[in-house]
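The values are calculated or read from the model by the stated rules, or taken from the named source; none is laboratory data. What you see is a predicted model, and the numbers here were worked out from it, not measured in a lab. Please note: Cβ atoms are built from the backbone with ideal geometry, for glycine as well, and neighbour counts cover all protein chains shown. Surface accessibility is based on the protein's heavy atoms, side chains included, excluding ligands, DNA and RNA. Shrake-Rupley method; radii C 1.70, N 1.55, O 1.52, S 1.80 Å.
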Amino acid sequence: EDQVTQSPEALRLQEGESSSLNCSYTVSGLRGLFWYRQDPGKGPEFLFTLYSAGEEKEKERLKATLTKKESFLHITAPKPEDSATYLCAVRSGSARQLTFGSGTQLTVLP
Amino acid sequence: NAGVTQTPKFQVLKTGQSMTLQCAQDMNHEYMSWYRQDPGMGLRLIHYSVGAGITDQGEVPNGYNVSRSTTEDFPLRLLSAAPSQTSVYFCATEGAGGTETQYFGPGTRLLVL
């Protein structure tokens, strides 16, 4: 059974204060690790897909990295508009279903 | 191009009532799924469909029914609502060809009294 654990549950940063969110996973045969952003009252918005250990992807102030056991979402010099809940999900084997973590609620203070 | 749409946005039901949550997509995606999101538990898969006429159960299917008669629509039915089904429901779609990206609708917030 696939398992995904995200930490911390909540994170408060000052504007410009860089940090990282963690996503630890247990799967049999990773087919993809996904990061989503979710704003209050909205559906998850796709950010990145990572497929193999060592892979990195960037988008504006966000960079996602992947190892064999975890993924990090690095946020460099965050702005208040980066405040959201960040969700991590994995897909394994031949299934198309995603298994989600419970998310990290990020608040960036001006 | 609306992407994934869900109706209604918010619904209040009494225990035992039935209702259908609607999900429609205009991206011609073969895969559609329903998740529920509860505080502290993340998104959990209820049912999914890999194409018209084909559906299967996810992690938490009890109390929910689905059908898929067209590529565009994937309704979720609650036959007899229970307070435990109070949640936010999201529909998601994914295209063929190994795109591996699921796109989510805006959600339906359901309160069962």
> Considering only segment A:29-44, how many residues are of a type in the set (D, E) and in a strand (DSSP E or B)?
Replying inline: 0
> Scanning segment B:77-113 for residues that are free of Cβ contacts under 8 Å to residues at least 60 places away in the same chain and under 21 Å from B:N62 (Cα atoms), which turns out surrounded by the most Cβ atoms within 10 Å (Cβ to Cβ)?
Replying inline: B:S87
> Does any residue of segment B:9-20 turn out to be within 17 Å of B:V88 (Cα to Cα), free of Cβ contacts under 8 Å to residues at least 24 places away in the same chain and hydroxyl-bearing (S, T, Y)?
Replying inline: no
> Exactly one of (1) open to solvent by 50 Å² or more (accessible area, probe 1.4 Å); (2) farther than 12 Å from A:F34 by Cα is unmet by A:E70. Its number?
Replying inline: (2)
> Among the numbered criteria (1) open to solvent by less than 50 Å² (accessible area, probe 1.4 Å); (2) under 26 Å from A:E9 (Cβ atoms); (3) more than 9 Å from chain A (Cβ to nearest Cβ), which single criterion is violated by B:R68?
Replying inline: (2)
> Has segment A:90-101 got any residue that is more than 14 Å from chain B (Cβ to nearest Cβ), open to solvent by 50 Å² or more (accessible area, probe 1.4 Å) and either more than 10 Å from the chain's Cα centre (by Cα) or among the charged types (D, E, K, R) (or both)?
Replying inline: no
> Name the residues in segment A:1-56 that are among the β-branched types (V, I, T) and over 12 Å from the mean Cα position of the chain (by Cα), would you?
Replying inline: A:T26, A:V27
>> Tally up the residues in segment B:11-37 that are open to solvent by 20 Å² or more (accessible area, probe 1.4 Å) and of a type outside the set (K, R), please.
In response: 16
> Any idea how many residues of segment B:79-113 are in contact with an Asp or Glu (Cβ under 9 Å, 6 or more places away or on another chain), within 10 Å of chain A (Cβ to nearest Cβ) and part of a loop (DSSP other than H, G, I, E, B)?
Replying inline: 3
> Which of the following residues is free of Cβ contacts under 8 Å to residues at least 24 places away in the same chain and more than 14 Å from chain B (Cβ to nearest Cβ): A:K63, A:K57?
Replying inline: A:K63
>> Just to be sure before I move on: is B:F74 buried (at least 19 other Cβ atoms within 10 Å of the Cβ), within 12 Å of chain A (Cβ to nearest Cβ) and closer than 19 Å to B:L43 by Cβ in the structure I sent?
In response: no
> Assuming B:S49 fulfils every condition listed in (1) of a type in the set (G, A, S); (2) surrounded by fewer than 16 Cβ atoms within 10 Å (Cβ to Cβ); (3) part of a strand (DSSP E or B) apart from one, which condition is it?
Replying inline: (2)
